[in-house]
Amino acid sequence: PVLVLKPGTFMNLSGRAVREAMTFYKLELPDLLVVSDDMALPLGRLRLRKGGSAGGHNGLASAIAELGSDAFSRLRIGIEQVSGERMVGHVLSPFSRQEEEVIGPAVAKAADAVECWLANGIDAAMNRYNKIEG
């Protein structure tokens, strides 16, 4: 069984929902994969990690604070910050048609990465999906 959780809270409070789901379903940190956007990555680029800092992402910071640990897997999808654009406006704005051409296939690839993580673990998923294609 797989549980997909989309918190209905503000991003900076989403860790509470993650913690409550983990407690309710009696899950351990290795069972958790958090998927988030990342302005520090180029548009459409995927990056899987075993753990680590929030990297400035409020949702990841909330999850780390609520769980008391950063030892959970995460999949970040690049949304690339446009120079001069305010962070909140960029994150909450819809993608342009040109961006959709990149992000659509990236979301499909991210779904494949989640399936790989489920079937083979984080190391296999990182080896397969963290490659820079060019």
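The values are calculated or read from the model by the stated rules, or taken from the named source; none is laboratory data. A quick note: this is a predicted structure, and the numbers were derived from the prediction, not measured. Virtual Cβ from ideal backbone geometry, glycine too; neighbours counted across all protein chains shown. Heavy atoms of the whole protein, side chains included, go into the accessibility calculation; ligands, DNA and RNA do not. Shrake-Rupley method; radii C 1.70, N 1.55, O 1.52, S 1.80 Å.
Couple of notes before you dig in:
- Largest first, the three principal axis extents of the alpha carbons in segment 19-66 are 36, 17, 15 Å in whole numbers.
- Fluctuation leader among Asp37, Asp123, Asp70 - the chain, Gaussian network, Cα springs under 10 angstrom: Asp123
- For Leu32, distant residues with modelled amide H under 5 Å away: Ser73
- For Asp31 and Phe95, the FRET efficiency from 1/(1 + (r/R0)^6), where r spans their Cβ atoms and R0 equals 30 Å, is about 0.45.
- Projected label distance in nm at Val107 and Leu5, using a 7 Å step from Cα toward the beta-carbon: 2.2 nm
- When Val2, Val34, Val102 are compared by accessible area at a 1.4 angstrom probe, the order from most to least is Val2, Val102, Val34.
- Taking every alpha-carbon pair under 8 Å whose residues sit at least 6 apart, segment 11-73 reaches a relative contact order of 56 percent.
- Full extension of the chain segment joining Ala21 with Gln81 gains 18.5 nm, where the gain is 0.36 nm per residue of separation less the Cα-Cα distance.
- Once the chain from Leu118 to Asn12 is taken as fully extended at 0.36 nm per residue, the excess over their C-alpha distance is 35.5 nm.
- To put it simply, the accessible area of the chain at a 1.4 Å probe is 55 percent carbon and sulfur.
- Here the Debye sum runs over all C-alpha atoms of the chain as equal scatterers in vacuum, and log10 of I(q)/I(0) at q = 0.09, 0.13 Å⁻¹ comes out as -0.26, -0.56.
- Annotation: per residue accessible area for the chain equals 65 Å², rounded to a whole number [probe 1.4 Å, protein chains only].
- If you run the Gaussian network model on the chain, springs between alpha carbon atoms under 10 Å, then out of Ser36, Ser93, Ser69 the most flexible one is Ser93.
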